1. Answer yes or no: is there a residue in segment 40-51 that is at pLDDT 80 or above, touching a helix residue (DSSP H, G or I) at 6+ places or on another chain (Cβ under 7 Å) and polar (S, T, N, Q).
2. How about segment 62-71: which of its residues are part of a helix (DSSP H, G or I) and under 10 Å from the mean Cα position of the chain (by Cα)?
3. Please state which of the following conditions residue 11 fails to meet, knowing it meets all the rest: (1) among the β-branched types (Val, Ile, Thr); (2) surrounded by 16 or more Cβ atoms within 10 Å (Cβ to Cβ); (3) at pLDDT 80 or above.
4. Within segment 18-25, can one find any residue that is assigned to a loop (DSSP other than H, G, I, E, B) and either of a type in the set (Phe, Trp, Tyr) or at pLDDT below 65 (or both)?
5. How many residues are of a type in the set (A, V, I, L, M) and outside any helix (DSSP H, G or I) if we restrict to segment 43-61?
Amino acid sequence: MTRPSENKILVGDPNNGLIQRLAQSADEHLGNARIVRNLVEHILQEQANRLAAISEPSREELMLIEEKDIIAAGDDLHSPGKIA
């Protein structure tokens, strides 16, 4: 993981390709841009849910997207009617 800089979001392990695999496994009839936008929105919602349990998150915690945030958003991606 690299150090955060101004206005950036960190992904815990950007080399594992999890986001790309989730987007590619989405329904082939949906537009890629819409899937990616919705996936990112769900990832950020999962991050917010995780951070809500931390009373005083650090700057780095506020910028970090963890693998579990992505996985939870991916579960939404594969649930009918959740991301479309």
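The values are calculated or read from the model by the stated rules, or taken from the named source; none is laboratory data. This structure is a prediction, so every number in the text was calculated from the model and none was measured. With ideal geometry, Cβ positions are generated from the backbone for all residues, glycine too; neighbour counts draw on all protein chains shown.
1. Step one: list which residues in segment 40-51 are at pLDDT 80 or above, which gives 40-51.
Add one more test, that the residue is touching a helix residue (DSSP H, G or I) at 6+ places or on another chain (Cβ under 7 Å), and what stays is 42-43, 46-47, 50-51.
Cutting the leftovers down to polar (S, T, N, Q) gives us 47.
There is at least one residue in segment 40-51 that is at pLDDT 80 or above, touching a helix residue (DSSP H, G or I) at 6+ places or on another chain (Cβ under 7 Å) and polar (S, T, N, Q).
2. 67, 68, 69, 70, 71 - these are the residues of segment 62-71 that are part of a helix (DSSP H, G or I) and under 10 Å from the mean Cα position of the chain (by Cα).
3. With respect to (1) among the β-branched types (Val, Ile, Thr); (2) surrounded by 16 or more Cβ atoms within 10 Å (Cβ to Cβ); (3) at pLDDT 80 or above, residue 11 is out only on (3).
4. Checking segment 18-25: at least one residue is assigned to a loop (DSSP other than H, G, I, E, B) and either of a type in the set (Phe, Trp, Tyr) or at pLDDT below 65 (or both).
5. Count: 3.
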